[in-house]
Structures are given as structure tokens and as C-alpha cells.
Amino acid sequence: MAADLPNYYFRVRDNGAFVFRVDTENRQRRIDMDQIAVVNIRNGEIKPHGDRTLSEDDLTAIYQWMEERTLILAHRDIDDIHRAVDYMNTTTHWVQSKATPEQLDAVTDDLLLAMHDLRSVLVRKKAERLMRED
């Protein structure tokens, strides 16, 4: 089992991760995780933990993780938007076929405002893109 473990473990948090070095080479043959850094993906900051100095291997692993994590998060963002389109279609079907007048009263204003806001932003962004193309 120990041979299959990576050298680093990243405990994900909102803006990045806590970085741990994984150690299985000890007398007790247990897994030790030693925190070596804190990473902020949004601003690219890497803070060594305590008075540590990060090695080139540490930095290489951290930068690689940051790159992979950024790609994962970008993929999730697009996937969430595709799901939102599906939810909008499901909501339309629900309104058309199943919603009671009471249920519609409870959600209509919120849905209309959210859709108006989304439409306004989409139209503005599309106009900006078209203006740049000219």
C-alpha cells in the first residue's frame, strides 16, 4: 500500500490547498503527513509552512497540482452551466405541466428577475464580443 501513495497530498480548500509531504519511510511503517505549504490558486501564492524552505521537487509538484486544479475547476464551471441549462429546461416543463398556482406564486418573481438579469448580462457580453470582432 505505501508504495502506491503519492509523495504529496493536497487538502483542498476554497482558494487552493494545504500541501503535505507524505512519508511512509519510517520505523513504524505508518503514514506521516507533514504540512509544508499553503497554496492560493487565485493569486498563485505559495507560502511555505512555518520556517520551511521548499525544495525544487516541492515547487514542481505544487505548480503541477495548481495547473491541474485550475483545469479541473474550469471544467466544473462549464459543466455547472450546462447543468443550469438542463435545470432551466426541467423548470420550464414543470411550469408547463405540473406546477400549481400556489407554487407558481412562490417562484415566479424570483425566476423572472433571475432570468432577466441573466439575459441582460448575456446580451451585453455578446454585444461586446461582436464589437471586438469588427
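The values are calculated or read from the model by the stated rules, or taken from the named source; none is laboratory data. Only a predicted model underlies this, so the values are computations on that prediction, with no experimental measurement involved. Here the Cβ positions follow ideal geometry from the backbone for every residue, glycine too, while neighbour counts run over all protein chains shown.
Structural remarks
- Residues that are assigned to a strand (DSSP E or B) and either touching a Pro at 6+ places or on another chain (Cβ under 6 Å) or more than 12 Å from Ile62 (Cβ to Cβ) (or both) within segment 28-49 comprise Asp32, Met33, Asp34, Gln35, Ala37, listed in sequence order.
- Near pairs, Cβ below 8 angstrom, 6+ apart or cross-chain, from segment 68-90 (over 15 Å from Leu111 (Cα atoms) and touching a residue at least 24 places away in the same chain (Cβ under 8 Å)) to any residue that is surrounded by 10 or more Cβ atoms within 10 Å (Cβ to Cβ) and of a type outside the set (Ser, Thr, Tyr): Arg69/Phe10; Arg69/Val12; Arg69/Gly16; Arg69/Ala17; Arg69/Ile41; Thr70/Ile41; Leu73/Ile41
- Asp109 without any contact (Cβ under 8 Å) to a residue 60 or more places away in the chain and over 30 Å from Val19 (Cα atoms): yes
- Checking segment 40-55 against the condition returns a match, with at least one residue being aliphatic (A, V, I, L, M) and farther than 15 Å from Val12 by Cα.
- Look at segment 1-27: where a residue is part of a strand (DSSP E or B) and a partner is modelled with pLDDT of 90 or more and of a type in the set (S, T, N, Q), sitting 6+ places away or on another chain with Cβ atoms under 8 Å, you get Gly16/Asn40; Phe18/Gln35; Val19/Gln35; Phe20/Gln35; Arg21/Asn7; Val22/Asn7.
- Selected residue (only one of Glu102, Glu45, Glu68 is at negative phi, exposed (fewer than 15 other Cβ atoms within 10 Å of the Cβ), touching a Gly at 6+ places or on another chain (Cβ under 9 Å) and modelled with pLDDT of 95 or more): Glu45
- Check on Leu111, part of a helix (DSSP H, G or I) and surrounded by 10 or more Cβ atoms within 10 Å (Cβ to Cβ): yes
- Candidates in segment 1-32 are the residues that are surrounded by 14 or more Cβ atoms within 10 Å (Cβ to Cβ) and farther than 16 Å from Glu67 by Cα; of these, the one that is nearest to the chain's Cα centre (by Cα) is Phe20.
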